[in-house]
Amino acid sequence: MPNRPSFENPVVIAKPVLVDLDDFKGELQEVWKSGWLTNNGYKHQELEARLQAEIFDGFPTSLVSNATIGLIVAFKTLGITSGEVITTPFTFPATPHSITWAGLKPVFCDIDPDSMNIDVKKIESLITADTKAILAVHVFGRACEVEKIAEIARKHDLKVIYDAAHAFELELNGKSVACYGDASVFSFHATKLFHTVEGGAIVFKDKHLKEKCDIVKNFGIKNEEVIECGINGKMNELQASIGLLMLTEKDIERNHRAMIEGIFHDRLGGVDGVILPRKSGDVTKESLQYFVIRINAAQFGFSRDYVHENLKKHNVFSRKYFYPLCSNAKFYRDFFSAKEERLPIANDVADRVLALPFHGGISPDDAERICDLISSFKGN
Ligand code: T4K
């Protein structure tokens, strides 16, 4: 430990936005009055309609209990029940696990060294007669190459699902990222900028799919008859109430994060060996979900792990999102597609990434001090 850590209290990677407690009580009073707590209640209907209209460009939206269940429900809704799904190893385990829970097999594709998203140039070589879909992740809210993925899917008659857990409010050329693919699944977990404590939404291209999804996420019941092997993936009224309040609160958090992002760029931009996230030209609105740097040890003089450990000594808890790679987890590492030599970029990137604390609880002064700490670790 240094003699005195730079921060007295722990600085963590994410801090949930806490809506005003009195406002929440007001919402709860309405819920109590209605006597309706879950199963497509009034708050659920209101949140679903508002998200569809205000965030997802009118595309059919279905709320779910969390994004992991949302991904599983999306496969079922799209009728993908057997075969292989091409995906990225550089993601949270929820991505490949959802494929496995849906009874499908994940096939890992290497990533692009710049965006850290699935490398579209490598997808076609992984397509076999068993391939049914592509599950791509807009990792850290950086958009995948959506047009190229659409072209590959058309050519090979594949479905496309986006894991958009990090991509709330991400817009490309003025359009919500949710308008690409057959379905996009968003996470509203407490650590997300917009949240419902736990929760998520699936946004579909086609309104018939939303109608089917509403049945799948409700045990497969339609008009009191069981017509599908569904699941319980419903969002309840308490979660939806938080979401309605967050629709107002989120912009304050967004503005704050944009300012912190600016400080990170200004202060770390000139540090040799610190690679900053590069903004893509077609992004007209960012998700501002994570701020992830990469450490080039040869230039910086020390490794990512060194920076991570030394920040800890100063009470700053960065995270190695997403290390270790999903393809190196014990359930997946024996898959042919998971072999390290088949995923050289993903393995390299996973060894360099570091997500910095990025939330409304970080003051401009905190952000500057975090940058100064990182700069001070640099070797000669
Ligand atoms: N796809 C992708 C690409 C994802 O990244 C995720 C989830 C999913 C799918 C699945 O979405 P959900 O099914 O969760 O809707 C966190 C989140 O739990 C997880 O939602 C998120 N991605 C992932 C990237 O981050 P952990 O295991 O890293 O969380 P944890 O508990 O270590 O919390 C992170 C930090 O946040 C802690 O340092 C403390 C702080 N924190 C956390 C919570 C929950 C708080 O201050 N208060 C809190 O209430 O997964």
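For this structure, a couple of remarks:
- Scanning region 176-216 for residues being open to solvent by less than 60 Å² (accessible area, probe 1.4 Å), assigned to a loop (DSSP other than H, G, I, E, B), among the basic types (Lys, Arg) and away from the ligand (no atom under 14 Å from the Cβ) gives a total of 0.
- Residue identified as over 16 Å from ILE242 (Cα atoms), open to solvent by 20 Å² or more (accessible area, probe 1.4 Å) and under 22 Å from the mean Cα position of the chain (by Cα) among ILE69, ILE86, ILE55: ILE69
- Scanning region 328-380 for residues that are among the hydroxyl-bearing types (Ser, Thr, Tyr) and assigned to a loop (DSSP other than H, G, I, E, B), we see that the one that is farthest from SER6 (Cα to Cα) is TYR332.
- Contact map, region 62-81: first residue aromatic (Phe, Trp, Tyr), second residue open to solvent by 20 Å² or more (accessible area, probe 1.4 Å), Cβ cut-off under 7 Å, separation 6 or more or different chains; pairs are PHE75/ALA102.
- Residue match in region 137-148 (condition: farther than 28 Å from GLN239 by Cα and in contact (Cβ under 8 Å) with a residue 60 or more places away in the chain): no
- Subset of region 155-175 that is over 13 Å from the mean Cα position of the chain (by Cα), not β-branched (Val, Ile, Thr) and not in a loop (DSSP other than H, G, I, E, B) - its residue that is surrounded by the fewest Cβ atoms within 10 Å (Cβ to Cβ): LYS155
- Matching residues, region 46-89, being within 15 Å of the ligand (Cβ to nearest atom) and of a type in the set (Phe, Trp, Tyr): PHE75
- The criterion of at least 3 residues that are among the aliphatic types (A, V, I, L, M) and open to solvent by less than 20 Å² (accessible area, probe 1.4 Å) is met, among helices (runs of 4 or more DSSP H) falling completely within region 227-327, by 237-268.
- Total residues in region 1-27, condition loosely packed, with under 14 Cβ neighbours inside 10 Å and not small (Gly, Ala, Ser): 12
- Only listed residue being touching a His at 6+ places or on another chain (Cβ under 9 Å), of a type outside the set (Asp, Glu) and away from the ligand (no atom under 16 Å from the Cβ), chosen from LEU276, LEU245: LEU276
- Filtered by the rule that a residue be small (Gly, Ala, Ser) and either over 19 Å from the mean Cα position of the chain (by Cα) or modelled with pLDDT under 95 (or both), region 231-266 gives ALA240, SER241, GLY262.
- Of note, ASP214 satisfies the criterion of being of a type in the set (Asp, Glu) and under 30 Å from ALA150 (Cα atoms).
The values are calculated or read from the model by the stated rules, or taken from the named source; none is laboratory data. Worth saying up front: this structure is predicted, and the values here are computed from it rather than measured. With ideal geometry, Cβ positions are generated from the backbone for all residues, glycine too; neighbour counts draw on all protein chains shown. Calculation scope for accessible area: heavy atoms of the full protein, side chains included, ligands and nucleic acids excluded. Shrake-Rupley method; radii C 1.70, N 1.55, O 1.52, S 1.80 Å.
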